[in-house]
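Asker: Provided herewith is a single structure, encoded as structure tokens, for subsequent inquiry.
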Amino acid sequence: MKRKNRYVYVIFAGILILAGLLRGQELWSGNFLFLIDQGRDLVEVKKIMFDHDLTLIGPYTSLQGVFQGPLYYYLLAIPVFIFNGNPWGAMLLMFLISMSVIVIVFFWMRKLFGSVPALVTSFLFAVSPEAISAATYIWNPHPMWLLIVIYLFGLYELVLGRLKYHFLVWPILSLMFHFETALAVFLSLATVLF
């Protein structure tokens with residue numbers, strides 16, 4: 001049994017290496033996308049970190065006068081502060097979030113369905129073009145990958161009747177309003193109706 005586990009972890013390490021190579025090209029080369037959205041976000045982070053101008057309003061949405069929560073700016077502020085204002089730190093954060101999704105998916109799927117489904121699902125996440133894209137530039141919806149995975153796992157546990165997972169699902173849904181309001185509204189309504 002231990003030998004089988006060793007092979008599973010070796011294969012999973014290979015999947016992580018593949019995912020890191022696919023997601024890390026822009027990060028390691030320093031040649032990442034930096035357009036108006038990234039500039040807007042990092043100007044707001046600069047105001048928070050260096051001008052000490054705290055905000056309670058996050059990025060704007062496509063609806064005039066509707067804003068997301070500010071948590072995204074404060075989340076970006078951590079690596080920007082650590083790397084002394086260099087946007088490379090924010091790129092590293094996107095990379096780490098994307099990689100953590102693969103790790104969480106692997107361990108949760110392994111617990112529920114076994115090693116083979118966990119490896120297949122992890123591989124699919126590792127090579128998914130959308131998931132790779134989420135790690136290659138700084139944008140406020142990208143942390144939703146992590147939140148959605150945690151939300152789905154919590155919702156699955158609720159379906160199984162484990163009511164303590166309400167304490168996971170609802171805070172995750174509230175965090176989603178800081179990153180992608182439209183999807184958060186939809187998922188909140190779907191969860192309430194469920």
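Asker: Where does each of R6, R162 land when they are ordered by accessible area, with a 1.4 Å probe and the largest first?
Answerer: Ranked list, largest accessible area first: R6, R162.
Asker: Between E130 and F113, with labels modelled 7 Å along Cα→Cβ, what's the label distance in nm to one decimal, could you check?
Answerer: About 1.7 nm separates the two model spin labels.
Asker: Step through the residues of the stretch 173-182 one at a time and calculate ³J(HN,Hα) from phi using the Karplus curve (6.51 cos²θ - 1.76 cosθ + 1.60, θ = phi - 60°), rounding each to whole Hz and writing x for Gly and Pro.
Answerer: Listing the rounded values in order: 4, 5, 5, 4, 5, 7, 10, 8, 4, 4 Hz.
Asker: Just to be sure I understand the model, the point goes 7 Å from the Cα along the line to the Cβ. What's the resulting V192 to I17 distance in nm?
Answerer: Taking the two extended label points, one gets 4.9 nm.
Asker: Based on the Kirkwood radius over alpha-carbon pairs, what value in µm²/s does the Stokes-Einstein equation return for the translational diffusion coefficient of the stretch 116-187 at 4 °C and 1.567 mPa s?
Answerer: The diffusion coefficient I find is 97 µm²/s.
Asker: Right, next: Using only the alpha-carbon atoms, how far is helix 71-82 inclined from the longest principal axis of the chain? Give it as 0 to 90 degrees, nearest 10.
Answerer: Helix 71-82 and the main axis of the chain meet at about 90 degrees.
Asker: Sticking with the crude label model, points 7 Å out along Cα→Cβ, report the distance from R3 to D37 in nm, one decimal please.
Answerer: Taking the two extended label points, one gets 5.0 nm.
Asker: Now for a different question. Relative to the present Cα-Cα distance, how much length would full extension add between W170 and V103 at 0.36 nm per residue of separation?
Answerer: Working: separation 67, 0.36 × 67 = 24.12 nm, distance 2.23 nm.
Result: 21.9 nm gained on full extension.
Asker: Next up: Give the long-range amide H neighbours of T55: residues separated by 5 or more places, or on another chain, with amide H under 5 Å away, using H modelled in the peptide plane at 1.01 Å from N.
Answerer: Under 5 Å from the amide H of T55: no residue qualifies.
Asker: How long are the semi-axes of the ellipsoid equivalent to the stretch 102-142, from square roots of 5 times the Cα gyration tensor eigenvalues, in whole Å, largest first?
Answerer: They are 24, 10, 5 Å, listed largest first.
Asker: Straight-line reach from K2: which lysines fall under 18 Å, measuring Cα to Cα and dropping same-chain residues less than 8 apart?
Answerer: Here the lysines satisfying the reach criterion relative to K2 are K111.
Asker: Could you tell me how many degrees, from 0 to 90 and to the nearest 10, lie between the Cα long axis of helix 115-127 and the main elongation axis, the longest principal axis, of the Cα atoms of the chain?
Answerer: 30 degrees
Asker: Order these peptides, 47-60, 81-94, by their mean beta-carbon neighbour count within 10 angstrom, highest first.
Answerer: Top of the packing list down: 81-94, 47-60.
Asker: If amide H atoms are built 1.01 Å from N in the plane of the peptide, which residues on other chains or at least 5 residues away come under 5 Å of the amide H of F179?
Answerer: G69
Asker: While we're looking at this one, here's another question. Can you run phi through the Karplus equation (6.51, -1.76, 1.60; θ = phi - 60°) for the stretch 30-47 and list ³J(HN,Hα) in whole Hz, with x for Gly and Pro?
Answerer: Along the stretch 30-47, the couplings run x, 10, 10, 5, 9, 10, 4, 5, 5, x, 4, 5, 6, 5, 5, 5, 4, 4 Hz.
Asker: Can you pull a Stokes-Einstein diffusion coefficient for the stretch 1-42 at 20 °C (1.002 mPa s), Rh from Kirkwood over Cα pairs, as a whole number of µm²/s?
Answerer: Taking Rh from Cα pairs, D becomes 166 µm²/s.
Asker: Quote the Stokes-Einstein diffusion coefficient, in whole µm² s⁻¹, for the stretch 32-87, based on the Kirkwood radius over alpha carbon pairs, a temperature of 25 °C and a viscosity of 0.890 mPa s. Can you show the working numbers first?
Answerer: Values: Rh = 11.6 Å.
The Stokes-Einstein estimate is 211 µm²/s.
Asker: Taking the Cβ-Cβ separation of T61 and L163 as r and a Förster radius of 35 Å, what is the calculated FRET efficiency to the nearest 0.05?
Answerer: Working: r = 33 Å, r/R0 = 0.94.
My answer for the efficiency is 0.60.
The values are calculated or read from the model by the stated rules, or taken from the named source; none is laboratory data. The model shown is predicted, which means the values in this text are computed figures rather than measured ones. Reconstructed Cβ throughout: ideal geometry from the backbone, glycine too, with neighbour counts over all protein chains shown. Heavy atoms of the whole protein, side chains included, go into the accessibility calculation; ligands, DNA and RNA do not. Shrake-Rupley method; radii C 1.70, N 1.55, O 1.52, S 1.80 Å.
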